[in-house]
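First the structure, in the form of structure tokens, and then the observations on it.
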Amino acid sequence: MPSSVIASMDYDPQSLALTIRYVSGLVYEYKQVPEEVFKQLKIAGSKGRFLNFFIKGKYDYEKVEKH
């Protein structure tokens, strides 16, 4: 299901890094995100709401420079 907040997302199960590209163009990498949380995000009815409640403020993150 498309999101009005998230343009794309990628997950690296080796490093547990979740990379979110927002529709604004900003890219953030959330660290040590369990794979189960990523799976739940993928199937969430509202990805933006899920991100706000279950990821933001719960996991360390860093802003990634635009490519």
Checklist entry - How many of the residues in the range 8-31 are of a type outside the set (Ser, Thr, Tyr) and over 16 Å from residue 52 (Cβ atoms)? => result 11
Checklist outcome for this item: Per the filter on the range 36-67, residues surrounded by fewer than 17 Cβ atoms within 10 Å (Cβ to Cβ) and either of a type in the set (Ser, Thr, Tyr) or assigned to a helix (DSSP H, G or I) (or both) are 36, 39, 40, 42, 43, 46, 48, 49, 52, 53, 54
Item to check | Total residues in the range 21-35, condition within 13 Å of residue 7 (Cα to Cα) and surrounded by 12 or more Cβ atoms within 10 Å (Cβ to Cβ) | outcome: 6
Item to check | Close pairs from the range 39-51: first of a type in the set (Val, Ile, Thr), partner in a helix (DSSP H, G or I), Cβ under 9 Å, at least 6 apart | outcome: none
Checklist entry - Restricting to the range 1-20, what's the tally of residues that are part of a strand (DSSP E or B) and surrounded by 14 or more Cβ atoms within 10 Å (Cβ to Cβ)? => result 8
Next on the checklist: I'm trying to understand the selection: among the residues of the range 8-51, which are closer than 17 Å to residue 62 by Cβ and of a type in the set (Val, Ile, Thr)?
Outcome noted: 19, 20, 27, 33
Checklist entry - Do we find that residue 33 is out of contact with any Gly (no Cβ under 6 Å at 6 or more places or on another chain), part of a loop (DSSP other than H, G, I, E, B) and not small (Gly, Ala, Ser) in this structure? => result yes
Next on the checklist: Any residue in the range 5-23 that is over 16 Å from residue 39 (Cβ atoms) sitting within a Cβ distance under 6 Å of a residue that is surrounded by 13 or more Cβ atoms within 10 Å (Cβ to Cβ) and of a type in the set (D, E, K, R)? List the pairs, counting only those 6 or more apart or interchain.
Outcome noted: 7/21; 8/21
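Give me the residue from the range 52-67 that is of a type in the set (A, V, I, L, M, F, W, C) and touching a residue at least 24 places away in the same chain (Cβ under 8 Å) and, out of that set, nearest to residue 4 (Cα to Cα).
Among them, the one singled out is 55.
Each reported figure results from applying straightforward, stated rules to the coordinates on display, with no laboratory input. Here the structure is a predicted model, which is why all the values come from computation and not from measurement. So basically every Cβ, Gly included, is an ideal-geometry build from the backbone, and we count neighbours across all protein chains shown.
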